[in-house]
1. Rg/Rh for segment 282-415: what does it come to with C-alpha atoms and Rh from Kirkwood?
2. How long is segment 171-237 along each principal axis, judged by its Cα atoms, biggest number first, in Å?
3. Sorted by mean Cβ packing within 10 Å, highest first, what order do the peptides 191-198, 540-547 take?
4. Within the chain, which DSSP H helices have Cα atoms that stretch 18 Å or more along the helix axis and a mean Kyte-Doolittle hydropathy of at least 1.0?
5. Along each of the three principal axes of the Cα atoms of segment 132-246, give the extent in whole Å, ordering the values from largest to smallest.
6. Sum -39500 (n - 2.57) across every DSSP H segment of at least 4 residues in the chain, then divide by the residue count to get the 222 nm mean residue ellipticity, nearest 500.
7. On the Cα set of segment 438-561, report Rg and Dmax in Å, please.
8. Highest mean first, what order results for 390-400, 436-446 on Cβ atoms within 10 Å?
Amino acid sequence: MTTDSQRVTEQLAAGLRAALAEAGLPALGEHAWEVPREGAHGDYASNAAMVLAKAARRPPRQVAELIVRHFPRLPAVGTLEIAGPGFVNVTLAPDWCRGALPGIVAAGATYGGGEAGRDQHVRLEFVSANPTGPLVIVNARAAAVGDALARLLKSQGYAVTTEFYVNDAGNQFQALAKSFEARVRQALGEDAPLPENGYPGDYLVDLARDYVKEGRPAALDLPEGQRVEHLGAYAVARITEGQRRVLHDYGVDFDLWSSERRAVRDRGLPERVLGELTARGLTYEQDGALWFRASEFGDEKDRVLRKSDGELTYFAVDVAYHHYTKFGGATRVINLLGPDHHGYVTRMRAAMRALGHPGEAFDVLIIQLVTLLRDGQPVRMSKRRGEFVLMEELLEEVGRDAARFTFLTRRHDSPLEFDLALATRQSADNPVYYVQYAHARIMSLFRQAASQGAVPAPEWDRLDWSPSDPPRLTLPEELSLIKRLLQFPDLVAGAAQALEPHRIAYWLGELAGAFHPYYKVNRVIGDDVGLTRARLLLCAAVGQVIGNGLALLGVGAPESM
């Protein structure tokens, strides 16, 4: 913004530090200015006085009085007040707020960005569905959360590498290969039952039919080991190809598609990590197995690395991959996993700590399940098999934008009810429609303004907004909208730090909820040229912020609806 390059809370934090130093009060560590829930408590509030009261040996209100007395004069600050037991409440200066509008529009797509993640590299893994079948609805939720999180982190200066980890080794690979072999033999007219732990999905029937059409049946005569390897590799390649296609249609393209077999087992990394843990005195043998002392690093019990038959556990393979590959090129690793992986979190975090990685460098987000509804009633919509809902079918029914936004209206670790009817309804009840319609309405407004000669161009970023425009914005609802727009950079920074992209979707709904009534009640394009330009500027800033917020979610900002 033109008034100041800092976020509002950064200015207030600097002012607070100066006030504490000037008043001779103790310094304060990390401290956040918060937006009060009630407007009567100001635009921002701080509990610094109560936090410092003990160290300052003064009652909180006395500390608050000293803070207010020594707080430096800042253009952004209109009034400072003390409330309750010692809260310091700040109301922003109206003229400063209005003067910030041209800067919001001028910043364009960069408004809301930051540099907190400069020189930090995040390795972000999400979806990573087993290559034993097509993507389902919970994968769609994980993809929406993971991709939005990557966009958020990048907006704050982080270098982000997104990864899909293909589990193409172990028992599941064997079961897939043998299930596929049974389907291929059935396609050839043989009586070949599925194995007990096989995959019964119809998708393998189609895959087997394609395989036979390609003239591959000679591979069935190979020795068992080679046959399983060949058929499993073929099935994995084709299934992951389909997963890539569906994800691309969803707007998600990974930087890396990593193979468990190639990335770990073929390089001998698990044996190497076992040696490293042993050298640190963190393993022991019991009942013929090799154990990791996970309980010494916060896990509930110790974990097996190598079984008594000499086979490595999946845990050992995963520890090696994280330690050598993921952390080999990243300062922070974040995994998004399903609700059945709670136990995995503590054991993997224990292993990373044991290998010298800081505790905060490894994060796991649990993506909860989705219940599919239609007008409030549970439904199953799979055309192919009733036990699961395909991601592809969901996209066909509701579209990419509605799917992604709906998945991002709740915290990732909260169960979500996805109502198909609501997601396609063109009404204020549909959150994505309500937000997108605000953007489309503003775009239409500028086309109308250009056609009437109120502005020389229909695109707000092509217009020359002068400092003389904003002062005409005197209505309380106009000032409230501006203050909400000024919160956006702090909102994005906080969402990135907390790894919570749902904050953006929720806030956009609130912004749209404030804009639509303002637009309906107040005429934007009128005979008063100065007021028209001022209100168009406000609308341009709202449109810019909505567009930026939707882009962080991977959702489109339509020009018309």
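1. Reported Rg/Rh, Kirkwood definition of Rh: 1.10.
2. Between the extreme Cα coordinates on each principal axis of segment 171-237 lie 27, 24, 24 Å.
3. Taking the mean over residues of other Cβ atoms within 10 Å, the ranking is 540-547, 191-198.
4. Result, helices passing both filters: 529-553.
5. On the principal axes, segment 132-246 reaches 58, 28, 25 Å in Cα extent.
6. Roughly -15000 deg cm²/dmol at 222 nm, from the helical runs in the chain.
7. 14.7, 47
8. Peptide ranking by packing, descending: 436-446, 390-400.
FYI, it's all coordinate maths here, none of it is from the lab. Nothing here was measured: the structure is a model prediction, and the numbers come from that model. When we count neighbours, we look across all protein chains shown, and the Cβ atoms used for this are built from the backbone with ideal geometry, even at glycine.
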